[in-house]
Amino acid sequence: MSEQRARRAYVETYGCQMNISDGELMEGILEGRGYEIVDAPERADVVLVNTCAIREHAEQRVLGRVSQLNGLKRERPAMVLGVTGCMAQRMGRTLLEQAPYVDLVMGPDGYRTLPETLARLNGGVRAVPEAPATGAVPPTEAAPVSERSGRRGPQLAVLQLDMDENYQGLEQRRADGPSAWVPIQRGCDHRCTYCIVPYVRGGEKNRAAPEILSEVRELAERGVTEVTLLGQTVNSYVWSDVRFPSLLRDVARIDGIRRVRFTSPHPNDVTSELVEVMAEEPAVCEHLHLPAQAGNDRTLRRMLRRYTVESLLATIGRVRVAIPDIALSTDIIVAFPGETDAEFRDTLTLMRTVRFDEAYTYKFSARAGTPATRLPPDDFVDPDEAQARLQELIDVARGVQSEINRGEVGRIEEVLIEGEGRDAGQIRGRTRRNKVVVFDGDPSRVGSYTRTRLERTTGATFAGSELRVGPREPAAV
């Protein structure tokens, strides 16, 4: 009798870097239990859509995608269709009611039990090796949604938040390439009034520092040269007597690691010690993502951000004194409930004052369960006005970015080659300051470092030319 083939799984991820890391984690767990990870849902026995819940638009996009995948499921009824991640945690069994063709909803704290959970589902694996006991709460079976759903077999919801789950001891399935995400923290202890994260990922849980350092060493041995430390408020990390600046320094000194980044920090935890490490350690990149969210003190108070515009500017000032060549990026939300036009214009003033190299801009999206949704109805900004503010913010942010980048034409930068460019014969890389550069080259060189001269810019990215020979030139001219 021929040996039965391995079950096949496909993970499709939406959202932030933490979600990308979680997708790699699920792939690693499944691969470790005998699954073959495939690159298309059409080839899979199990399809998992790994989701984000930060904004309503992201959730609507996922619902549309899951509906599409239901067409594939109709053709192959034994296929297991699951929704995982923050949206699954937020919606829970409601998602099973809205999309009765979904077999599984699983929140971020359930991944350790993923193989056992799949084994319980119709069409799931029937012979899964026993996993070590973890203390995790077992999945719960949802009642049938309706007679009309045409379902055969159970639906499962795994939604318990586990305050001890930081995924310690689990290995991610890393994508090939020179860079790797390294999660060091899960959840968040802040309660920003607009943010769903604490309610879908729970409170802050930090991994053991020795395990993090061991993981980075293993990555370096595999040829990874750039790591990004991940956390919801990454610089609030503390484990035993190890705080984030100390961990960052230790990671930066691991043999083989040439670049270290981290995201996303909270402005309140940008300490003098952290700035000192960033300035002193050659491997720490000259880039800081600093989510400002707004440029008005009243709005920041209503957001529960716990800093003022003055203190934010003071922090940025300290960083720029210590690291004059630092590139700054930020997140900004417009039309938060109660924001007046004058307060919005304070945010535009902040953008022009700080001159961020890049800004990720959003209009407020109400998330059920967050405190902001309980603000008085009259506080909510008219949707057309909110869109107009967002567009004005985008125009200001792009204008500043274009001015900064035009001023950097002529610089010579070290570039890590990351992949192919859009046009044939071009490759794409990233500078230490997180600027994207496209230049002529061979895609087989992905993972190597070179120096390029920045020759022109489209506003957001650069076109450059590679410097192959000659004496070493300064990092910037």
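The values are calculated or read from the model by the stated rules, or taken from the named source; none is laboratory data. These numbers come from a predicted model, not from an experiment. Ideal geometry is used to build each Cβ from the backbone, glycine not excepted, and the neighbour counts take in all protein chains shown.
Mind checking whether some residue in segment 392-415 is of a type in the set (A, V, I, L, M), farther than 29 Å from Arg320 by Cβ and over 24 Å from the mean Cα position of the chain (by Cα)?
First, the residues of segment 392-415 that are of a type in the set (A, V, I, L, M): 393-394, 396-397, 400, 404, 409, 412, 415.
Adding the requirement that they be farther than 29 Å from Arg320 by Cβ leaves none.
No - not one qualifying residue is present in segment 392-415.
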| message | Could you check segment 88-115 and list, in sequence order, the residues that are of a type in the set (A, V, I, L, M) and over 19 Å from Glu27 (Cα atoms)? | response | Met91, Leu95, Leu96, Ala99, Val102
| message | Need the failing condition index for Arg74 against (1) surrounded by 14 or more Cβ atoms within 10 Å (Cβ to Cβ); (2) over 17 Å from Val105 (Cα atoms); (3) free of Cβ contacts under 8 Å to residues at least 40 places away in the same chain; (4) among the basic types (Lys, Arg), just the number. | response | (1)
| query | Could you list, in sequence order, the residues of segment 446-462 that are modelled with pLDDT under 95 and either among the hydrophobic types (A, V, I, L, M, F, W, C) or more than 26 Å from the chain's Cα centre (by Cα) (or both)? | reply | Val446, Ala460
| remark: Residue pairs within 7 Å by beta carbon, gap of at least six or interchain, first lying in segment 34-45 and within 19 Å of Arg65 (Cβ to Cβ), second among the β-branched types (Val, Ile, Thr), listed first then second, are Pro41/Val47; Ala44/Val38; Asp45/Val80
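Can you find a residue that is of a type in the set (Gly, Ala, Ser) and surrounded by 21 or more Cβ atoms within 10 Å (Cβ to Cβ) anywhere in segment 218-225? Steps first, answer last, please.
Taking segment 218-225 and keeping what is of a type in the set (Gly, Ala, Ser), we get 220, 223.
Filter once more, so that each one left must be surrounded by 21 or more Cβ atoms within 10 Å (Cβ to Cβ): none.
The answer is no; no qualifying residue exists.
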| field | Odd one out for Glu276 among (1) closer than 29 Å to Gln387 by Cα; (2) touching a helix residue (DSSP H, G or I) at 6+ places or on another chain (Cβ under 8 Å) | value | (1)
| said: Cβ contacts < 6 Å: first residue in the same structural domain as Trp239 (by TED's automatic domain parsing) and within 24 Å of Asp39 (Cβ to Cβ), restricted to segment 171-198; second residue part of a loop (DSSP other than H, G, I, E, B) and among the charged types (D, E, K, R), any location; separation 6+ or different chain. Result? | reply: Ala180/Arg174
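To keep it simple, each residue is scored yes or no on (1) in contact with a Phe, Trp or Tyr (Cβ under 8 Å, 6 or more places away or on another chain); (2) in a loop (DSSP other than H, G, I, E, B).
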site: Gly28; (1), (2): no, no
site: Val47; (1), (2): yes, no
site: Ile54; (1), (2): no, yes
site: Arg61; (1), (2): yes, no
site: Gly64; (1), (2): no, no
site: Leu69; (1), (2): no, no
site: Leu72; (1), (2): no, no
site: Thr84; (1), (2): yes, no
site: Met87; (1), (2): no, no
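What strands (runs of 3 or more DSSP E) completely inside segment 272-372 contain at least 1 residues that are within 19 Å of Ile196 (Cα to Cα) and acidic (Asp, Glu)? Break it down into steps so the answer makes sense when it comes.
Numbers: elements: 287-289, 327-334, 358-363.
Where strands (runs of 3 or more DSSP E) fall fully within segment 272-372 and carry at least 1 residues being within 19 Å of Ile196 (Cα to Cα) and acidic (Asp, Glu), they are 327-334.
For segment 378-395, what are the residues that are out of contact with any Gly (no Cβ under 8 Å at 6 or more places or on another chain) and either surrounded by 14 or more Cβ atoms within 10 Å (Cβ to Cβ) or under 19 Å from Leu304 (Cα atoms) (or both)? Please lay out each step first, then the result.
Going residue by residue through segment 378-395, those that are out of contact with any Gly (no Cβ under 8 Å at 6 or more places or on another chain) are 378, 380-395.
Scanning segment 378-395 gives Phe380, Val381, Glu385, Ala386, Gln387, Ala388, Arg389, Leu390, Glu392, Leu393, Ile394.
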| task | Within segment 11-23, identify whether any single residue is crowded, with 20+ Cβ neighbours inside 10 Å and in contact with a Lys or Arg (Cβ under 6 Å, 6 or more places away or on another chain), and answer yes or no. | result | no
| query | Does Asp440 satisfy being surrounded by fewer than 20 Cβ atoms within 10 Å (Cβ to Cβ) and modelled with pLDDT of 95 or more? | reply | yes
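Which one of these is in a loop (DSSP other than H, G, I, E, B), of a type in the set (A, V, I, L, M, F, W, C) and at pLDDT below 75: Leu170, Leu161?
Numbers: Leu161 fails: at pLDDT below 75.
Step by step, each of Leu170, Leu161 is checked, and only Leu170 is in a loop (DSSP other than H, G, I, E, B), of a type in the set (A, V, I, L, M, F, W, C) and at pLDDT below 75.
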| said: Against the conditions (1) touching a helix residue (DSSP H, G or I) at 6+ places or on another chain (Cβ under 9 Å); (2) within 20 Å of Ile20 (Cβ to Cβ), where does Asp189 fall short? Just the number, please. | reply: (2)
| note | Within segment 217-249, residues being under 19 Å from Arg432 (Cα atoms) and either part of a loop (DSSP other than H, G, I, E, B) or not assigned by TED's automatic domain parsing to the domain that holds Cys195 (or both) number 3
| query | For segment 420-428, does any single residue satisfy the condition of being modelled with pLDDT under 95, surrounded by 14 or more Cβ atoms within 10 Å (Cβ to Cβ), under 22 Å from Ala327 (Cβ atoms) and not assigned by TED's automatic domain parsing to the domain that holds Met87? | reply | yes
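To keep it simple, each residue is scored yes or no on (1) closer than 30 Å to Leu25 by Cα; (2) over 22 Å from the mean Cα position of the chain (by Cα).
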position	(1), (2)
Arg258	yes, no
Glu273	no, yes
Ala283	yes, no
Ile326	no, no
